[in-house]
Amino acid sequence: MDRKRSRPNRPLIRKVCPLPSKNQPPSKQQCFFVVETPRIAPVSRSAFGPTGGPASGLFSNSASAPSPAAPPSPAPAPAPVPSCIVAGILSDCFEGLAGTIPPGSIGGWSFEQSFGPKGGQVSFDGTRMSFDMIAPNNAPGAKKSIALAGVNNLTAQYEFTEFPTPTGLGNSVYEFYIVNADLSEAVFINFVDNGNVFVGAGSVLTGNSYFGTWTPNNGTHKIHLTIDGAGTPRLWVDGVEIPLTLNGPFGFFLGSMPANVVTFFAGAGLSFPVSSPVDNVFVALGVFPPTQEFCCP
């Protein structure tokens, strides 16, 4: 590397000896040293902007500034929450209902014993309907009238709480029925506390029944059932679909159940006094997903 170029600002010292005059001997010749400082070209202030400092920016004297960065794309909007709808066939939250059946009826609900006199009672406390065991082997039931031509293309949803009794013995049952206008078609769900669940849909003479499993835990459960246009049921418990296995076309025994009704039954074997409440019940035409929220008018 050229050392001079590596230090361009270093002063240069040069020895100067003028030529001797004709009358001056060489021994008297005088020399002197000259210090030369390299010149630095002035820097234009415009290179750093009008104020001469780098803080003015590289583009302060440019014809145009660079375009600003594009803003980030907005995040996608969250999926809309399904709106609450009133089920067209039945929407009941038991609000304001109080009392006990039998006798008589409350809010359109009457005592039902389609499979024989099983005793017990059904009580209302203003927010729910409870199936009360008041003696061993009671199986109280309650029904409410609806208007329904057929059971295909249908959705049912309800919430119930298990009896506070030991599970796994097969003693407690929780049943739900929908019957159409001429008793020709029906839907049923039968939960047993041993973990079995049975579902049926279609003709009461040749309808298909299915079975699956659920997990009893003495808790409250949200039940969602759909029947498509071909009569095939699907069941969800607490938002989780229960796989159903075809059991065969056996038909359904409805006892003396009347037409055009929604009916509940519940029984806890030898345990009493205990109750199993139902918080709401909805029946709607159409197949709705389990995320659909129903409400009462």
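Would you work out the relative contact order for the stretch 125-233, in percent, from Cα pairs under 8 angstrom that are 6 or more residues apart?
That works out to 29 percent.
From Cα pairs below 8 angstrom and at least 6 apart in sequence, can you work out the relative contact order of the stretch 175-247, rounded to a whole percent?
22
In µm²/s, what is D for the stretch 85-295 at 25 °C and 0.890 mPa s, where D = kT/(6 pi eta Rh) by Stokes-Einstein and Rh is the Kirkwood radius from Cα pairs?
Stokes-Einstein gives a translational diffusion coefficient of 145 µm²/s.
Which of rounded, prolate or oblate describes the stretch 209-258 when judged by the alpha-carbon gyration tensor and an a/c cut-off of 1.5?
Judged from the Cα gyration tensor, the stretch 209-258 comes out prolate (a/c at least 1.5, a/b above b/c).
Apply the Karplus curve 6.51 cos²θ - 1.76 cosθ + 1.60, θ = phi - 60°, to the phi angles in the stretch 205-222 and return the couplings in whole Hz, x for Gly and Pro.
9, 10, x, 7, 10, 9, 9, x, 10, 9, 10, x, 8, 6, x, 9, 10, 9
For the stretch 172-211 and the stretch 215-258, what is the separation of their C-alpha centers, rounded to whole Å?
Centre-to-centre distance over Cα atoms comes out at 7 Å.
So for the pair Phe198, Val287, with labels modelled 7 Å out along Cα→Cβ, what separation do we get in nm?
If labels sit at Phe198 and Val287, their model points lie 2.5 nm apart.
Could you grab the relative contact order for the stretch 85-295? Cα pairs under 8 Å, six or more apart, rounded to a whole percent.
With pairs under 8 Å counted, the relative contact order is 31 percent.
Compute the signed sum of charges (Lys and Arg +1, Asp and Glu -1) over the other residues within less than 10 Å, Cβ to Cβ, of Ser105.
Around Ser105, the charge tally is +2.
Measure off 7 Å from each Cα along the Cα-to-Cβ vector at Asp279 and Phe253, then give the distance between these two points in nanometres to one decimal.
Once both label points are built, they end up 3.4 nm from each other.
Each value in this text was obtained by applying a stated rule to the coordinates, not by laboratory testing. Keep in mind it's a predicted model, so treat the numbers as computed, not measured. Every residue, glycine among them, receives a Cβ derived from its backbone with ideal geometry; neighbour counts consider all protein chains shown.
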